[in-house]
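Below: one structure, written as structure tokens.
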2 protein chains.
Amino acid sequence: MSKRIRQEDIAKELGLSINTVSLALKNSSRINEETRSKVQQVAKALNYIPNSIARSLVQKKTDVIGFILPKMTNPVQIETAQQMERKLLTSGYNMMLMTTDSDKNYESQALDILLSRQVDGIFLFPTNKHNQDKIKSIRSAGIPLVLLSGGRYKPSSDAVYMNQFSGAYQATEHLAKLGYREIGFITGGAANVEKFDGYQAVLRDRQLEFREELVARVSHFSYEQGYKAASKLMANGPVRAVLASSDYLALGALRWCRERGLRVPEDVALIGFDDLEAAEYAEVPLTSVTYKGEELTTKAVSLMFRLIEEQERMTSKEPECIEINPTLSIRKSCGAI
Amino acid sequence: MSKRIRQEDIAKELGLSINTVSLALKNSSRINEETRSKVQQVAKALNYIPNSIARSLVQKKTDVIGFILPKMTNPVQIETAQQMERKLLTSGYNMMLMTTDSDKNYESQALDILLSRQVDGIFLFPTNKHNQDKIKSIRSAGIPLVLLSGGRYKPSSDAVYMNQFSGAYQATEHLAKLGYREIGFITGGAANVEKFDGYQAVLRDRQLEFREELVARVSHFSYEQGYKAASKLMANGPVRAVLASSDYLALGALRWCRERGLRVPEDVALIGFDDLEAAEYAEVPLTSVTYKGEELTTKAVSLMFRLIEEQERMTSKEPECIEINPTLSIRKSCGAI
DNA sequence: TTGTAAGCGTTATCAC
DNA sequence: GTGATAACGCTTACAA
């Protein structure tokens, strides 16, 4: 293993000081044109790779942004991460990705690790609200922390998120308008309070009865869980309309219906969340709640950059919340077409 | 923004030297039990967070592993990343994730960035074989680089991968055994040479004619591309059997068939790759090539750790290749059931 | 058991 | 324009 080349090696090679090399490498105008190009030439020849760890130490800046999410297998969240990664890269930042498996302690651990690694900022898809204190203390320590969820409760830090309440409201409302008075709901539990609230709000606003047996709770978003939820929900005969808090859940339910000979949408109307490609291509194209992912990631990244710039002023201000409004992508499964 | 606490702050607080604090924090037995606990108490009280950048600089080790893949939205690859992230974390490593968008130059840039960040190792899902020289030079510089693809060509670095040739061979063979003599193939292009080879090998072995019009090439793995590929493939009447190099492609083709009134598997037999949950839950459950993801990630991670330990010996050895063998998950879509 | 001093590879400050 | 020198926060000899 050939030892790594340092600026010192280049300096020795040319009989210059380390300082000159350092400046020349960043094209400082303070260094003579000729010296500059000589330095850069030798750097290339020796295959010099700058050590960004050393750089980070002195500059107190790593150009790394942490990104915490429950599971990389969640298509919406990983798509968000993907878009942000490219946007951050454009500005010279890289991303450290960590998952929590929806576990409060893992989330806390992930935050600690990222802080220890001196990241310049953190994006967090929180698993629940249990780490609020830690989140607040990170914010008040001046580390930009942007939450990727939020809603009607007071946010513990700056946040950019899709308004899930509104999404669920619109979807439920849509079903109600189509005449359904009995609407089932498949929910992912604690992480879906907002959606659940939206669903209930419609029931209240339209004075429809809320019935616990119309709610199925699942542990995570998968076809399998949706299938099981449907079987539970429809144990005593079909529920004529169902809102699922993810497309996968809806598609699992769709399969259950198919196997029982229930037609969608004739016998059961179905709406999902996230508008995945799978929704569009399903055997019965799925109506789904959707939003502009690009808009969210663009706003999230620019909020992050602003926070990084204003680091000290940030702490004193109220957390900033940016909401993205969803719309309904109407297809065949809800029976409106 | 409250200044960050350093070991020096703890030392001053207790009238100790920085060194003592450093040792006490890592529970060194050289430090008096009492001092140790006092130090740790104060550390906790001041909310001390170790600066791992400084640590990395002196130890010449970052405990960060780079992970490069084309797109985070590829479910197989991101699942691999997810599993590895958790395994690495168990051993104190974190992951820096970068994407290449299947672009040679982005891949090269990502490698440079990771090297500059002094990562202890790199996992790479290569986009193609164009960066082979760079890959070789990284290996010979003693940086562990584990490729997550490979096959019948000589690998430029250590590698752990699913044997795609064998997967395609098994799938094609399966269709051939069912009596199909005209088998279509939907391929993702350069990234799928191995699969394509496997497909062709069966044709050769069984003396079936290879026909270019039975091959559809797509730009990426999506339902939409599969849909288009099917329409191209079947422009002059249905092809009775089709192997797609991803489940998404197969499911897109499935939709095309449904829309034209072609039944699967009666009119068209279909096989996909990757055995995603979507394959199992499709309207016609999809036969698919599958493999043990856990086995692959476990082997990849332990190979990485071994390479990190043997760093200097590594360079001289031949690259190590670990192949995982796929199997066929047979469901309704191929007509064998 | 604890302290002193050197060093990791950069950047930043200030002379010359 | 270029070069000393200090600093970043930690670890690791080695000394006391």
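Before moving on, here are some points about what is shown:
- Out of B:Asp267, B:Asp275, one residue alone is without any contact (Cβ under 8 Å) to a residue 40 or more places away in the chain and not polar (S, T, N, Q). It is B:Asp267.
- Checking each residue in region B:1-32 for being among the charged types (D, E, K, R) and away from DNA strand C (no atom under 13 Å from the Cβ) picks out B:Lys3, B:Arg4, B:Asp9.
- Listed by first and then second residue, the pairs with beta-carbon distance under 9 Å, at least 6 apart or on different chains, first residue in region A:33-52 and more than 14 Å from DNA strand C (Cβ to nearest atom), second of a type in the set (A, V, I, L, M, F, W, C), are A:Thr35/A:Leu14; A:Thr35/A:Leu16; A:Thr35/A:Ala24; A:Ser37/A:Ala24; A:Lys38/A:Leu14; A:Lys38/A:Leu16; A:Lys38/A:Ala24.
- For region A:92-117, the set of residues classified as surrounded by fewer than 20 Cβ atoms within 10 Å (Cβ to Cβ), touching a helix residue (DSSP H, G or I) at 6+ places or on another chain (Cβ under 7 Å) and under 19 Å from A:Gln59 (Cα atoms) consists of A:Ser116 only.
- The helices (runs of 4 or more DSSP H) found wholly in region A:12-81 and carrying at least 1 residues that are away from DNA strand D (no atom under 13 Å from the Cβ) occupy A:33-45.
- Options B:Leu114, B:Leu88, B:Leu97: the member that is part of a helix (DSSP H, G or I), at pLDDT 95 or above and at the interface with chain A (Cβ under 9 Å from one of its Cβ atoms): B:Leu114
- Residue check, B:Gly237 assigned by TED's automatic domain parsing to the domain that holds B:Ala269 and either at pLDDT 95 or above or farther than 29 Å from A:Ala278 by Cα (or both): no
- With respect to the stated conditions, B:Arg152 is at pLDDT below 95 and over 21 Å from A:Gln82 (Cα atoms).
- Yes/no for A:Ser246 being among the hydroxyl-bearing types (Ser, Thr, Tyr), under 21 Å from the mean Cα position of the chain (by Cα) and either at pLDDT 95 or above or within 20 Å of A:Glu173 (Cα to Cα) (or both): yes
- Residue match in region A:156-175 (condition: surrounded by fewer than 21 Cβ atoms within 10 Å (Cβ to Cβ), in contact (Cβ under 8 Å) with a residue 12 or more places away in the chain and closer than 21 Å to A:Met84 by Cβ): yes
- Test: residue in region A:61-75 that is surrounded by fewer than 16 Cβ atoms within 10 Å (Cβ to Cβ) and either at the interface with another protein chain (Cβ under 8 Å from one of its Cβ atoms) or touching a residue at least 24 places away in the same chain (Cβ under 8 Å) (or both): yes
The values are calculated or read from the model by the stated rules, or taken from the named source; none is laboratory data. Small disclaimer: the values here were computed from a predicted structure and weren't measured. All Cβ positions, even for glycine, are placed from backbone atoms using ideal geometry, and neighbour counts span all protein chains on display.
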